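Encoded as C-alpha cells, the structure appears first; notes follow it.
The values are calculated or read from the model by the stated rules, or taken from the named source; none is laboratory data. Remember, it's a predicted structure, so these values are computed and weren't measured experimentally. Neighbour counts run over all protein chains shown; Cβ positions are idealised from the backbone, glycine included.
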Amino acid sequence: MTEEAGFIAAVLSEPEDRTSLLVYADWLDERDDRRAAYLRQMAAAESDEKWVEEVSSVFRQLQRWVVARGCGAGTAVRVTLGPFAGNSGEVAGLFVKNHRVLATVRLMFWGQPMELELSVDELERIAPR
C-alpha cells in the first residue's frame, strides 16, 4: 500500500473524523499538492449524513484508482489517449469531478511546462525517469 493509499483508507474508515482529513491535507501540503486546500474546506464543513456520504464516495473512487494502479501524486505516467498521447509526465494530484477520477499531470510539451487535467483512464504508470 502506498502512503497516499494509507491516508485514503484512514479517511474511509471514519469519514466523519476530521483529523484524518487534516493529516492527509498536511501531507499534501508538504508536496505542494493543491488538494490540501480542498480537504481543509471539507474538514471545516458542517457534518451531516449527505456530507459523510459525499466524502466517502470521493475517497472510494480515489482509493480504487490509487490501489489499482499503485500510484498517486509524484508517479511518472504516460498519456495514452487524446492529443497528448505518448507524452510523459508526473501526477501532481488526483481529484474527483462529476463522479470521475481525474489527475493533474505536469509534462513538457514542445519545450514548455504544462499542467493538464486528464481522466486517469488516459494514463499508464511508467518506471521513474
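Within the stretch 38-53, none of the residues are in contact (Cβ under 8 Å) with a residue 24 or more places away in the chain, of a type in the set (A, V, I, L, M), part of a helix (DSSP H, G or I) and closer than 23 Å to Val105 by Cβ. Note on the stretch 1-29: among residues that are within 18 Å of Lys50 (Cα to Cα), buried (at least 21 other Cβ atoms within 10 Å of the Cβ) and hydrophobic (A, V, I, L, M, F, W, C), the one that is modelled with the highest pLDDT is Leu21. Filter the stretch 1-37 down to the residues that are touching a residue at least 60 places away in the same chain (Cβ under 8 Å), part of a helix (DSSP H, G or I) and of a type in the set (A, V, I, L, M, F, W, C) and list them by number. Those that are touching a residue at least 60 places away in the same chain (Cβ under 8 Å), part of a helix (DSSP H, G or I) and of a type in the set (A, V, I, L, M, F, W, C): Ala5, Leu28. You will find that of Val105, Val66, Val96, the residue that is at pLDDT below 75 and assigned to a strand (DSSP E or B) is Val96 and no other.
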